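The values are calculated or read from the model by the stated rules, or taken from the named source; none is laboratory data. From a predicted model like this one, the values you see are computed outputs, not experimental measurements. Note that each Cβ is placed from the backbone with ideal geometry, even for glycine, and that neighbours are counted across all protein chains shown.
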Amino acid sequence: MNSSAFTPSETTTLQVLDIPLERDVFLRNLVRELAGTLQDVVGLEEASGFISVVGQRIGEQINDDYKAALGVSELSPAQVAEVLVDLKRRIQGRFSIVEATDERIVFTNGACPFGDKVAGRPSMCMMTSNVFGVITAENLGRAKVVLEQTIARGDAACRVVVYLKPSAQALAADGREYFRS
């Protein structure tokens, strides 16, 4: 058996290469490929369902974290709106409140936390829907989240409406409903 010895090159040579690979990009690519595989294998609706379960669990964790940090057992409607914007800011989204009334909160977003990795993966938007829906419902009793526009579907920005109360407008809107557990 002929074996030749080799000496690995210095790792510093590799460390200076311009390769777009670091933890954040790797994890966003991982989520993108998981969502894409789910969409391809089981379809968009089922993939959205799987991602919804993950979003629900993450929403519960984030809700608990904010309530503990604020020292409250329940968030007010104003706090819910602020928390939803803040959590997206912390993960590099650019959400802002367009409108806040007793019946609904309207958000816009110019930068998805998943960056360009969300393109063509609308099932990934279930993370936003579920996190927003769970946090709102757990604190205010109910929510209906409508993803009117999404970067994942090719829109220039996201427009997300969170209905806080049942109304004719809320009932007519195509979205997901959430209730306090």
- [ ] Consider only pairs whose beta carbons are under 7 Å apart and that are at least six residues apart or on different chains; among these, list those whose first residue lies in the range 153-181 and is at negative phi and surrounded by 13 or more Cβ atoms within 10 Å (Cβ to Cβ) and whose second residue is among the small types (Gly, Ala, Ser) and assigned to a strand (DSSP E or B).
- [x] Val162/Ala143; Tyr163/Ala143; Leu164/Ala143; Tyr178/Ala143
Task: Out of Ala119, Ala137, sole residue that is touching a residue at least 24 places away in the same chain (Cβ under 8 Å) and farther than 28 Å from Arg180 by Cβ - done: Ala119
Task: Residues satisfying the stated conditions in the range 102-122, i.e. part of a loop (DSSP other than H, G, I, E, B) and either in contact with a strand residue (DSSP E or B) (Cβ under 6 Å, 6 or more places away or on another chain) or not acidic (Asp, Glu) (or both) - done: Gly110, Ala111, Cys112, Pro113, Phe114, Ala119, Gly120, Arg121
TODO: Please work out if Glu82 is in contact with a helix residue (DSSP H, G or I) (Cβ under 9 Å, 6 or more places away or on another chain), at pLDDT 90 or above and either outside any helix (DSSP H, G or I) or of a type in the set (Asp, Glu) (or both).
DONE: no
TODO: For the range 20-55, name all the residues that are more than 20 Å from the chain's Cα centre (by Cα), under 17 Å from Gly115 (Cβ atoms) and not acidic (Asp, Glu).
DONE: Pro20, Leu21
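Take Ser73 and decide whether it is in a strand (DSSP E or B) and either touching an Asp or Glu at 6+ places or on another chain (Cβ under 7 Å) or free of Cβ contacts under 8 Å to residues at least 60 places away in the same chain (or both).
Numbers: in a strand (DSSP E or B): no; either touching an Asp or Glu at 6+ places or on another chain (Cβ under 7 Å) or free of Cβ contacts under 8 Å to residues at least 60 places away in the same chain (or both): yes.
In short, no.
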